[in-house]
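The structure appears below as structure tokens.
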Amino acid sequence: MSQTLLVTGGAGFVGSALIKALLTDFPAAAIVSLDNYFTGTPSNHVNDPRVTYIDGSTVDIAKTWASRGLPSPEIVFHMGEYSRIVTSFDDHDLTWDFNLLGTKEVVKFASARGAKLIYAGSSSKFGNDGQDENLNPYAWTKAKNIEYIRNYATWYGLDYAITYFYNVYGPGQIVSGKYATVIGIFEDKYLHGEPLPVVSPGTQTRDFTHIDDIVRGIVLVAQKGSGDGYLLGAGHEWPLLEVAKMFGVAYEMIPALPGERERGQADITKAAGLGWQPEHRLPDYIAAFVAAHPM
């Protein structure tokens, strides 16, 4: 059966990797990417006639879709939001517009079209018995979106499933600029022979998850999942200083950043119930990277 699948943020790190997986897992599907190219880039486009790329805002999703006469999507993968903690303080308006206004329209669109919504929640919501969702504008907006989606489902019968990502890394990650990922920054500094910047105190932990594991989880949740609570992580806490030391080069401590949580580790019980398990380990990935780029 022919299907139409929508990926918001399809030109970004996770979205582009997801599209590649969907082309394999849904061979009869047409895939549409809607991206405003804030952090996404045309270099992430997949050269396949089954994929259509639209440059546009999620705020205008209903109007954009109607203007192109596209068929209703069966599944909406909503990956296209603002997704950085520290910079969300400076980008407060963007965070609000992308995450609250944009997601409100995506939810309405999915419901009106009878599509299943797969939402990329933030693991920042779970820290410190749920209090960490108030640490920064990004975490707060993501937590409010979870409440909105769950309530919308009760009010209007939306079909949905919510995944949570834990510090995604791997090929395609952003490696420079203020929106770069931790592992991306470490790799970039390593390649340039510069000390790896470790945010003080360095004992704060993160659960780093390979992009391939994340994408497999998203697809599996789309196929078999329902409701909230699908945490996708490696299930291991890595202190940031320990991660930097894995690269075997110099590092430097930098001042603590606003809005950062102390700990992060996924409880993957619900995702495991669908048959998902992480297959990649951060030390193996870093070791392979270092071996491929000897100093």
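The values are calculated or read from the model by the stated rules, or taken from the named source; none is laboratory data. As the structure is a prediction and not an experimental result, all values here were calculated from the model. Here the Cβ positions follow ideal geometry from the backbone for every residue, glycine too, while neighbour counts run over all protein chains shown.
The single residue among Y164, Y148 that is surrounded by fewer than 21 Cβ atoms within 10 Å (Cβ to Cβ) and either in contact with an Asp or Glu (Cβ under 6 Å, 6 or more places away or on another chain) or at negative phi (or both) turns out to be Y148. Would you check which residues across region 111-134 are more than 19 Å from G229 (Cβ to Cβ) and modelled with pLDDT of 75 or more and list them? Within region 111-134, S111, A112, R113, G114, A115 meet the criteria. Considering only residues in region 109-121 that are over 17 Å from the mean Cα position of the chain (by Cα) and outside any loop (DSSP other than H, G, I, E, B), the one that is surrounded by the fewest Cβ atoms within 10 Å (Cβ to Cβ) turns out to be A112.
Taking region 220-240 as the range and being crowded, with 21+ Cβ neighbours inside 10 Å and aliphatic (A, V, I, L, M) as the test, the residues that pass are V221, A222, L231, L232, A234, L240. The single condition from (1) of a type in the set (V, I, T); (2) at pLDDT 95 or above; (3) surrounded by fewer than 17 Cβ atoms within 10 Å (Cβ to Cβ) that V106 fails is (3). Tell me, which residue of region 251-295 that is of a type in the set (A, V, I, L, M) and in contact with a strand residue (DSSP E or B) (Cβ under 7 Å, 6 or more places away or on another chain) is surrounded by the fewest Cβ atoms within 10 Å (Cβ to Cβ)? The selected residue is A256. If you go through region 222-266 and keep only what is in contact with a Gly (Cβ under 9 Å, 6 or more places away or on another chain), under 26 Å from S88 (Cα atoms) and either free of Cβ contacts under 8 Å to residues at least 24 places away in the same chain or charged (D, E, K, R) (or both), you end up with D228, E237, R261, E262, R263. Listed by first and then second residue, the pairs with beta-carbon distance under 7 Å, at least 6 apart or on different chains, first residue in region 268-290 and free of Cβ contacts under 8 Å to residues at least 60 places away in the same chain, second aliphatic (A, V, I, L, M) and assigned to a helix (DSSP H, G or I), are L274/L220; L274/V221; G275/L220. The residues in region 28-82 that are out of contact with any Lys or Arg (no Cβ under 7 Å at 6 or more places or on another chain), surrounded by 17 or more Cβ atoms within 10 Å (Cβ to Cβ), β-branched (V, I, T) and farther than 25 Å from A143 by Cβ can be counted, and the count is 4. Comparison of V14, V86 shows that the only residue that is assigned by TED's automatic domain parsing to the domain that holds G227 and touching a Leu at 6+ places or on another chain (Cβ under 8 Å) is V86. Within region 1-19, if we keep just the residues that are without any contact (Cβ under 8 Å) to a residue 60 or more places away in the chain and crowded, with 16+ Cβ neighbours inside 10 Å, the residue that is farthest from V76 (Cα to Cα) turns out to be A11. Taking the listed residues G69, G102, the one that is of a type outside the set (D, E, K, R), farther than 28 Å from V199 by Cα and assigned to a loop (DSSP other than H, G, I, E, B) is G69, with no other qualifying. Just to be sure before I move on: is Y190 outside the structural domain of I149 (by TED's automatic domain parsing), assigned to a loop (DSSP other than H, G, I, E, B) and of a type in the set (S, T, Y) in the structure I sent? When the stated conditions are applied, Y190 does not pass them. Within region 172-184, the only residue that satisfies the criterion of being loosely packed, with under 15 Cβ neighbours inside 10 Å and either in contact (Cβ under 8 Å) with a residue 60 or more places away in the chain or closer than 23 Å to T205 by Cβ (or both) is K178. Of the residues making up region 233-276, those that are among the acidic types (D, E) and either within 20 Å of E133 (Cβ to Cβ) or part of a loop (DSSP other than H, G, I, E, B) (or both) are E237, E260, E262, D267.
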